[in-house]
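> There's a structure below that I have some questions on.
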There are 2 protein chains.
Amino acid sequence: MTKSGVTIGAAAARSGCTPATIRFYEEGGLLPTIDRSVGGRRVYRRAEIFRLVFIRRCRDLGFPLEQVRALLDVMDGKGSCGAARSLVQAQIDSVRAKRAEMEALEQTLSGLAASCTDVCARGDVDDCTMMKDFAAAQADLGP
Amino acid sequence: MTKSGVTIGAAAARSGCTPATIRFYEEGGLLPTIDRSVGGRRVYRRAEIFRLVFIRRCRDLGFPLEQVRALLDVMDGKGSCGAARSLVQAQIDSVRAKRAEMEALEQTLSGLAASCTDVCARGDVDDCTMMKDFAAAQADLGP
DNA sequence: TCTCCCACCTCAAGTTACTTGAGGAGCAAG
DNA sequence: CTTGCTCCTCAAGTAACTTGAGGTGGGAGA
């Protein structure tokens, strides 16, 4: 039962990151310095892979790397639970705002497409109501 | 009634872009070559400002510049209405997918925050259920 | 054992859509 | 005529990676 380690490829497969991304994270200090094999290859153990999965999950949840760094600090005991909670709350707010924006976009775009589908019989640009609607939202341009 | 033109600052104010962004668009070919005053300053007229507003609106709707370019081609008569329609449809799909993703994120994050708020009395990391939950989603890491 | 090829290594540059900064010049007001 | 704002160009910086060039290592098949 030696501390068996795996190559960057295996770590990538297990964490859902690409090898290049993993190296990038290491360079950015999100991972500790990784041990190397005799041949100079990186050797990943459980703890590192866990950390990679954690990072990956945070990224999936939309956290920017800087905040992932802060969350890792919390995980490492270098920060308070409250700090993590407020990061998460901020992220919730941000996601909620983005979701609302997406809903509005979906509405607007659907409207554009619908007007086109209804009115434009052929593919003639001059008659395309959609392009007109695109422009219609454009308020006064001044003199 | 000469063709009165405005400076880049005024064009920026009217279009909602910044001067730097406008120059960037010009360099990227989204705008035609802009006339210059005697002193070498860019002079914007109605058509250009209209174009800027159009670009701005497309960007607000989430279109990447490459697709904005395609939509501008349509507006310029260099593309079919059908082409524009399929771009818009693709954008709708993309926005819809993103919105769904945002909803899921909101759920997940809210769950994390709630578990923390319920259980964690103080700001002690060791007791923070949230950080545990972050980790909990992490499946088997292999040997 | 030899050879092959894939996975790995480093370093540099490219991507998107801009933003920021340095260094210099026009232009209108006081 | 001097201030100070806006403008000019060119270069570099940003997030979060990805891609590519050029070179090494190591396990598998012949």
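> Specify the inter-centroid distance of segment B:52-124 and segment A:30-74, based on alpha-carbon positions, in whole Å.
Using only Cα atoms to place each centre, the spacing works out to 28 Å.
> In addition: What dipole magnitude, in Debye to the nearest 20, does segment B:1-59 give about its Cα centre under +1 on Lys/Arg Cβ and -1 on Asp/Glu Cβ?
On the way: 12 positive and 4 negative charges, 37 e Å.
Once rounded to the nearest 20, the dipole reads 180 debye.
> Report the calculated FRET efficiency for A:ASP93 and A:VAL38 (r = Cβ-Cβ distance, R0 = 51 Å), to the nearest 0.05. Please list the in-between numbers first.
Working: r = 49 Å, r/R0 = 0.97.
Between A:ASP93 and A:VAL38 the formula returns 0.55.
> Here is a follow-up. I'd like the FRET efficiency for A:ASP60 and B:THR18, computed as 1/(1 + (r/R0)^6) with the beta carbon distance as r and R0 of 35 Å, rounded to 0.05.
Values: r = 32 Å, r/R0 = 0.92.
Efficiency for this residue pair is about 0.65.
> Starting from a label point 7 Å past Cα on the Cβ side, list the distances from B:ARG59 to the same position in the other copies, nm, shortest first.
B:ARG59 label point versus its equivalents elsewhere: 2.7 nm.
> Rounded to the nearest 100 Å², what is the buried accessible area between B and A, both sides summed, probe 1.4 Å?
Working: alone 10190 and 10200 Å², together 15330 Å².
Heavy-atom accessible area buried at this interface is about 5100 Å².
> I would also like to ask the following. Mind giving me the nanometre distance, one decimal, between the label points for B:GLU101 and A:ASP133, set 7 Å out from Cα along Cα→Cβ?
2.5 nm
The values are calculated or read from the model by the stated rules, or taken from the named source; none is laboratory data. Note that the structure is predicted; figures quoted are calculated from it, not measured. Because the Cβ atoms are built from the backbone with ideal geometry, glycine has one as well, and the counts that use them run over all protein chains shown. Note: areas computed on protein heavy atoms with side chains; ligands, DNA, RNA excluded. Shrake-Rupley method; radii C 1.70, N 1.55, O 1.52, S 1.80 Å.
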